[in-house]
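Trainee: Below you'll find the structure I mean.
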Amino acid sequence: MGVLLWRGFDFDSVMAQCFGNYEDDCTKGKQMPVHFGSRKYHFHTISSPLATQIPQAAGVGFALKRDPARRGRNCAVVYFGEGAASEGDFHAGMLLASTVPSPTLFIARNNGFAISTPSSEQYHGDGIAARGPGYGMHTIRVDGNDVLAVLGAVREGRRLCIEEGRGVLIEAMTYRVGHHSTSDDSFAYRPRQEVEDRKRIDNPISRFRLFLESRGWWSAEDEERYKEQVKKQIMQAFKRGENLPRHELKEMFTDVYSGEEPWTITEQREELRTLLQKYGKSWEPWRSELKKYKGEGSEFMS
Ligand SMILES: Cc1ncc(C[n+]2csc(CCOP(=O)(O)OP(=O)(O)O)c2C)c(N)n1
């Protein structure tokens, strides 16, 4: 999400995707929350199945290289965790990018955990970076908790990627201080003290903040003021996004596949039409549910 925010994706767009309201123009309410995507900011929709994005990115890099207007100017970039790097798709993408070759920047965030699986159970070699030379790929391992070091590594990786027209692997070493998700209690598999220590001592946000403070460019007051301001903006966007209607119900069936619509989708749409015509106006759970959609499902009931 940081990449998207940096490119200009605003809080209203974040909320639109999370609530699946009609402003979510990329996934139109069909994706899980936080699976952002943006045509405007050239950001492919995040997908739940781990690592599928890796060979896709290698393909995008190849497409960029085949386009005379973009060759030598653009590259594809893909992000994944050390857990995802255990999937076959990681190797498929790396092989494709190194042999074709395709200008793709592979950024592995090694945060020590894949939900509850520690990285020590993920590989027996030297992490993800050690795999790069095996594919003949330029590889950089960087302290992922050092913001400026990451900036430098990514700049250099991007330069190599574009100038040489081939893949580059970056492994950013870090530590996940939060739980994996709201349904995860990470203190069940790691000591609370370890997390508290990391938060205080070796954390990209606290380290960068200390750096800025040491230069006199930031202070505790700036921090408080900024947090307050951003919190307000987020809550405003939250309330707005929560109250906007969802896309029209018919959008559920669009953009699922490209090209000709498969018969399964046509059949499901007709099944919904039959059910809505029968129960849509009379069965209470559906009556109030339909109010959440633009047009209240009228396209199926007239
Ligand atoms: C193919 C597949 N297997 C399992 C999962 C369930 N799952 C979701 S996130 C996750 C851990 C991912 O860990 P990692 O790649 O290290 O990324 P992190 O979440 O730590 O950033 C797992 C196992 C999934 N989404 N897809």
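The values are calculated or read from the model by the stated rules, or taken from the named source; none is laboratory data. Keep in mind that this is a model prediction, so the values were computed, not measured. Note that we place each Cβ from the backbone using ideal geometry, even for glycine, and neighbour counts take in every protein chain shown.
Trainee: Go through (1) within 16 Å of the ligand (Cβ to nearest atom); (2) surrounded by fewer than 19 Cβ atoms within 10 Å (Cβ to Cβ); (3) touching a residue at least 24 places away in the same chain (Cβ under 8 Å) for GLU121 and report which single condition fails.
Mentor: The one condition GLU121 does not meet is (3).
Trainee: Does any residue in segment 36-51 that is in a loop (DSSP other than H, G, I, E, B) come within less than 7 Å, Cβ to Cβ, of a residue that is basic (Lys, Arg) six or more places away or on a different chain, and which pairs are these?
Mentor: TYR41/ARG7
Trainee: Here is a follow-up. How about segment 97-115: which of its residues are more than 9 Å from the ligand (Cβ to nearest atom) and either of a type in the set (Asp, Glu) or touching a residue at least 12 places away in the same chain (Cβ under 8 Å) (or both)?
Mentor: ALA97, SER98, VAL100, PRO101, SER102, PRO103, THR104, LEU105, PHE106, ILE107
Residue-wise test of (1) at pLDDT below 95; (2) surrounded by 13 or more Cβ atoms within 10 Å (Cβ to Cβ); (3) more than 31 Å from the chain's Cα centre (by Cα).
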residue	(1), (2), (3)
SER206	yes, yes, no
VAL230	no, no, no
PHE238	no, yes, no
GLU267	no, no, yes
LEU276	no, yes, yes
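Trainee: Related question: Filter segment 45-71 for residues that are over 22 Å from ASP25 (Cβ atoms) and within 14 Å of the ligand (Cβ to nearest atom); which is surrounded by the fewest Cβ atoms within 10 Å (Cβ to Cβ)?
Mentor: Looking at residues that are over 22 Å from ASP25 (Cβ atoms) and within 14 Å of the ligand (Cβ to nearest atom), I get PRO49.
Trainee: Next question. Residue check, LYS30 against (1) at pLDDT below 95; (2) under 11 Å from the mean Cα position of the chain (by Cα), all met but one. Which one?
Mentor: (2)
Trainee: Is one or more of the residues making up segment 180-190 within 12 Å of the ligand (Cβ to nearest atom), surrounded by fewer than 20 Cβ atoms within 10 Å (Cβ to Cβ) and part of a helix (DSSP H, G or I)?
Mentor: Within segment 180-190, one or more residues are within 12 Å of the ligand (Cβ to nearest atom), surrounded by fewer than 20 Cβ atoms within 10 Å (Cβ to Cβ) and part of a helix (DSSP H, G or I).
Trainee: Looking only at segment 148-171, filter to residues that are touching a helix residue (DSSP H, G or I) at 6+ places or on another chain (Cβ under 6 Å) and among the aliphatic types (A, V, I, L, M); which one of those is farthest from GLY134 (Cα to Cα)?
Mentor: Per the stated criteria, the residue is ILE170.
Trainee: Considering only segment 85-95, I want to know if a residue exists there that is at pLDDT 95 or above, away from the ligand (no atom under 16 Å from the Cβ), buried (at least 22 other Cβ atoms within 10 Å of the Cβ) and not aromatic (Phe, Trp, Tyr).
Mentor: no
Trainee: Looking for whichever is more than 16 Å from the ligand (Cβ to nearest atom), under 30 Å from SER298 (Cβ atoms) and out of contact with any His (no Cβ under 8 Å at 6 or more places or on another chain) here; the options are SER219, SER258, SER214, SER206. Which one fits?
Mentor: Answer to the check: SER258.
Trainee: Counting just the residues of segment 128-158 that are within 16 Å of the ligand (Cβ to nearest atom) and more than 20 Å from ASN203 (Cβ to Cβ), which one comes out surrounded by the fewest Cβ atoms within 10 Å (Cβ to Cβ)?
Mentor: My answer is ALA129.
Trainee: Here are some conditions: (1) part of a loop (DSSP other than H, G, I, E, B); (2) within 20 Å of GLY29 (Cβ to Cβ). SER282 meets all but one. Which one does it not meet?
Mentor: Unmet condition: (2).
Trainee: Next question. Quick check on my filter: what residues within segment 108-135 are closer than 16 Å to PHE80 by Cα, part of a helix (DSSP H, G or I) and among the polar types (S, T, N, Q)?
Mentor: SER119, the sole residue that qualifies.
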